[in-house]
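Engineer: Below is a structure I'd like to ask you about.
Where a number appears in this text, it was derived from the coordinates with a stated rule and is not lab data. Here the structure is a predicted model, which means the values were calculated and not measured. Glycine also receives a Cβ, built like all others from the backbone with ideal geometry; neighbour counts cover every protein chain displayed.
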Amino acid sequence: MKRFREIIIALAIIIIIVLIQLIIFKIRTEVNISESDSTNTLLEEFKISEEQKLENEKTYSMQTGSSFAKIGNIIIYNNSTDNIFKYDCNEKKLDLLYTMEDGVNKLYFDGEYVYAMPNYYRGKGIYRIDLQGNAEKIYEGASIQLWLTSDKIYFTDQIGYDRINGTPQGNLCVMNKDGSNKQTIIENVKNYFKIHNNTIYYTDLTSRSIYSANIDGTNKKELAQGRTYISNVDDNCLTYIDFADNEAYRVIYLNTNENHKLGMFGNDVFSANGNYVLTRKGTDGNNIETEFSLYKINPQNNTEEIVWKAHGGFERLEYIDDEFAYFTSGQSTYKVNLKTGEETDLPKRYYYFLNGYGYTFTQEDGEITSLEVCNLKTMEIKKDDIVL
């Protein structure tokens, strides 16, 4: 009997030990799964961040229209000559991509092709250039603005020319990216148009009012009157300048069509970190303050607040990133901490801003000699010497 009890006790101890081991294994497994999930989440967030950076580059390069475009490791650049250059950031190599006989007015880039227009008084047409330098003229008429999507080109078919402002005017058209199947969707458009969420925002040439329309040109709606110039638009609001009101800077809240006057003159930047307008605040009548005020637009309650005041001069708001605003004044660039108001000078003027970096090409005797890239957060500068 005593022997039997000893066996029972031994078996019970073994069972308890096995159960404890099973519990420990389960806990460790759950911890490993949790850690794995956490790691996967961090990787996914990093992946999304990289995808968002690429999307930002595409939006900038396909819609801005300037002398600089960047998607991935490829930069397309025009140095105010007739030449279009391609720079490979990985290989640190600059190539002359194509020479436009009639100069370069603006260029756009979708990652596969460069689209460029000549200077208005020197030539006409829209050119498509691949990354090997092969070019074709896909449109014969004159245009000053393009808006690229994944499969279409929206553009103004220029009629006449505004010699004072140098802005587009004509019929808003769409065609395939090889130049085929051109269609007019809105007639008599003035100044630069914007496209957001399959809605076109434009100024009517006759009335100078701002309108919205479906992407195919239907369902036109008047949003504001005056002599208007659209600056920016997103899901919540649209900013514009009214030249009939002494260049008043205004914001329309698209959910209610509320229209607020912020000041006169200036410019704005819309970003993932908020929408900001730099303008000179009105005092009384047609008087304005001497310094520029930086307004933050609050679409949650359709209000604006002044978050910083400049010291005078002619600052231009260039970029918003995290808690900083970046300005250029003359040949200098500086940033302002929007929480503390602290100002910090950057090492030099940067002409292009994208994904937290400032870019500038330097030249000597008309030849491109280097590319400088400044990490705006750390102020670390990377300089690539260039030999063409």
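Engineer: Pick from 351, 326, 240 the residue whose mean-square fluctuation is largest in a GNM of the chain, springs joining Cα atoms under 10 Å.
Structural biologist: The residue that fluctuates most here is 351.
Engineer: Take residue 265 and residue 307, extend 7 Å from each Cα along the Cα→Cβ direction, and tell me the distance between the two endpoints in nm.
Structural biologist: So the label points at residue 265 and residue 307 sit 2.3 nm apart.
Engineer: So if we plug the beta-carbon distance of residue 214 and residue 131 into 1/(1 + (r/R0)^6) with R0 = 56 Å, what FRET efficiency do we get, rounded to 0.05?
Structural biologist: Efficiency for this residue pair is about 0.95.
Engineer: A follow-up question, please. Calculate how steeply helix 2-63 sits against the longest principal axis of the alpha-carbon atoms of the chain, using the helix alpha-carbon long axis, and give the answer as 0 to 90 degrees to the nearest 10.
Structural biologist: Orientation of helix 2-63: about 10 degrees from the principal axis.
Engineer: For the stretch 110-160, just list the percent of Cα-Cα distances falling in each 5 Å bin from zero outward, please.
Structural biologist: 5, 20, 31, 25, 14, 5, 1
Engineer: Distance cut-off 29 Å, Cα to Cα: go down the list 152/382; 58/137; 86/190 and report the pairs above it.
Structural biologist: Details: 152/382 36 Å; 58/137 23 Å; 86/190 32 Å.
Over 29 Å Cα-Cα: 152/382; 86/190.
Engineer: Follow-up. In what order do 89, 237 fall by count of nearby beta-carbon atoms within 10 Å, going from fewest to most?
Structural biologist: Numbers: 89 15, 237 21.
Least to most surrounded, the residues fall as 89, 237.
Engineer: Please report 193, 243 as a ranked list, fewest other C-beta atoms within 10 angstrom at the top and most at the bottom.
Structural biologist: Details: 193 22, 243 14.
Listed from fewest to most nearby Cβ atoms, that is 243, 193.
Engineer: Just to confirm the filter: which trypsin sites (Lys or Arg not before Pro) across the stretch 187-261 are DSSP coil and have at most 13 other Cβ within 10 angstrom of their Cβ? Present the calculation step by step, with values, prior to reporting the outcome.
Structural biologist: Details: sites: 190, 194, 208, 220, 221, 227, 250, 261; in loops: 208, 220, 227.
Taking the stretch 187-261 and a limit of 13 other Cβ atoms within 10 Å, the loop trypsin sites (Lys or Arg not before Pro) found are 220.
Engineer: Moving on to the next point. Kindly rank 335-341, 270-276 from highest to lowest mean number of other beta carbons found within 10 Å of each residue. All intermediate terms of the calculation are to be shown ahead of the outcome.
Structural biologist: On the way: 335-341: 14.7, 270-276: 17.1.
Answer by packing, highest mean first, reads 270-276, 335-341.
Engineer: For the stretch 181-330, what is the relative contact order in percent, using Cα pairs closer than 8 Å and at least 6 residues apart in sequence? Present the calculation step by step, with values, prior to reporting the outcome.
Structural biologist: Numbers: 338 pairs, mean separation 17.4, N = 150.
Contact order relative to length: 12 percent.
Engineer: Among 358, 166, 103, which one shows the biggest mean-square fluctuation in a GNM of the chain, springs joining Cα atoms closer than 10 Å?
Structural biologist: 166
Engineer: Next question. Indicate the gyration tensor shape class of the chain (rounded, prolate or oblate), computed on the Cα atoms with a ≥ b ≥ c the square roots of the eigenvalues: a/c under 1.5 is rounded; otherwise a/b larger than b/c is prolate and the rest oblate.
Structural biologist: Values: a/c = 2.01, a/b = 1.73, b/c = 1.16.
The shape class here is prolate.
Engineer: So, one more: Only Cα pairs within less than 10 Å get springs; with that Gaussian network setup on the chain, which residue of 356, 285, 330 has the largest fluctuation?
Structural biologist: It is 285.
Engineer: Calculated FRET efficiency, residue 102 and residue 244, Cβ-Cβ r, R0 22 Å, to nearest 0.05?
Structural biologist: Values: r = 35 Å, r/R0 = 1.59.
Between residue 102 and residue 244 the formula returns 0.05.
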